[in-house]
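S.K.: I am attaching a structure below and will ask some questions about it afterwards.
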Amino acid sequence: MQYVVVMDMNGIRKSHPEPNNIGKPFAGGDEKEVLHGNEHVSYGEGTLGTSNPGSCCVV
């Protein structure tokens, strides 16, 4: 793992390797599954280039 992005229940980034992205909405649509309590893995282009992000809800 190279980085962790934390978002709130509204999809707003609370942490990000690029500080300019903190406070902005999560991009890409992967957040929808996670905000419903599901784990999600995808592959595609994000704000940091091509990635294979895994996402999960942390309570």
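Each value in this text was obtained by applying a stated rule to the coordinates, not by laboratory testing. Predicted model only: the values in this text are computed from it and were never measured. A quick note on method: Cβ atoms are made from the backbone with ideal geometry, for glycine too, and the neighbour counts reach across all protein chains shown.
S.K.: Using the C-alpha gyration tensor of the chain, what are the square roots of 5 times its eigenvalues, in whole angstrom, with the largest one first?
M.R.: Those come to 16, 14, 10 Å.
S.K.: Scan around residue 12 for amide H atoms under 5 Å from its own, H built in the peptide plane at 1.01 Å from N, and keep only partners 5 or more places away or cross-chain.
M.R.: For residue 12, whose amide H was placed from the backbone, the distant partners under 5 Å are 26.
S.K.: OK, next. Could you tell me which trypsin sites (Lys or Arg not before Pro) in the chain are loop residues by DSSP with no more than 13 other beta carbons within 10 angstrom of their beta carbon?
M.R.: Answer by residue number: 14.
S.K.: Turning to a different aspect of this structure: So, in nm, how far is label residue 59 from label residue 20 when the simple model puts each one 7 Å beyond its Cα toward the Cβ?
M.R.: That separation, rounded to one decimal, is 3.8 nm.
S.K.: Report the full-extension gain for the segment residue 52 to residue 9: residue separation times 0.36 nm, less the Cα-Cα distance, to one decimal in nm.
M.R.: Net length gain for the segment: 13.3 nm.
S.K.: Peptides 41-47, 25-31: what's the order by average Cβ count within 10 Å, highest mean first?
M.R.: Output ranking for 41-47, 25-31: 25-31, 41-47.
S.K.: List, in order, the whole-Hz ³J(HN,Hα) value for each residue of segment 29-34 obtained from phi through the Karplus relation with A = 6.51, B = -1.76, C = 1.60 and θ = phi - 60°; use x for Gly and Pro.
M.R.: x, 4, 5, 4, 5, 5
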